[in-house]
Amino acid sequence: MDASNLPNLHEVTSPDHFKELLGADLSRVSLLNFWAPWAAPCAQMNEVVRELGRKYPSLLVLMVEAE
């Protein structure tokens, strides 16, 4: 998953990383997207979530692999 082109979209890599990202700006609206690499519906939803990140740059988008 490529999150590098959107500064407000982050791939969560650990529980501490999750806490750090959420704690950095508590006044910001956050979108949490839980996904699995083997699930085709998740791949489709990931594209929708990326588009929301592009459309709303003030939104904090966190991509959390569910496995």
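What the Cα convex hull of the chain gives, in volume per residue, is 75 Å³. Electrostatic bookkeeping for A39 treats Lys and Arg as +1 and Asp and Glu as -1; over the other residues with beta carbon under 12 Å from its beta carbon, the sum is -2. For the charge dipole of the chain, defined by +1 on Lys and Arg C-beta atoms and -1 on Asp and Glu C-beta atoms about the Cα centroid, which residue among A40, Y56, V12 has the Cα displaced farthest towards the positive pole? My answer, from the dipole projection, is Y56. Hey, how many Å between the Cα centroid of region 48-67 and the Cα centroid of region 24-46? Rounded to whole Å, the Cα centres lie 6 Å apart.
Spacing of the modelled spin labels on R54 and C42, each 7 Å from Cα toward Cβ, amounts to 2.3 nm.
The accessible surface of the chain, taken with every protein chain in place and a 1.4 Å probe, is 60 percent carbon and sulfur.
Computed over protein heavy atoms with a 1.4 Å probe, the accessible surface of the chain works out to 67 Å² per residue.
The values are calculated or read from the model by the stated rules, or taken from the named source; none is laboratory data. Quick caveat, the model's predicted, so the values are computed rather than measured. A quick note on method: Cβ atoms are made from the backbone with ideal geometry, for glycine too, and the neighbour counts reach across all protein chains shown. These area figures cover heavy atoms from the full protein model, side chains too; ligands, DNA and RNA do not enter into them. Shrake-Rupley method; radii C 1.70, N 1.55, O 1.52, S 1.80 Å.
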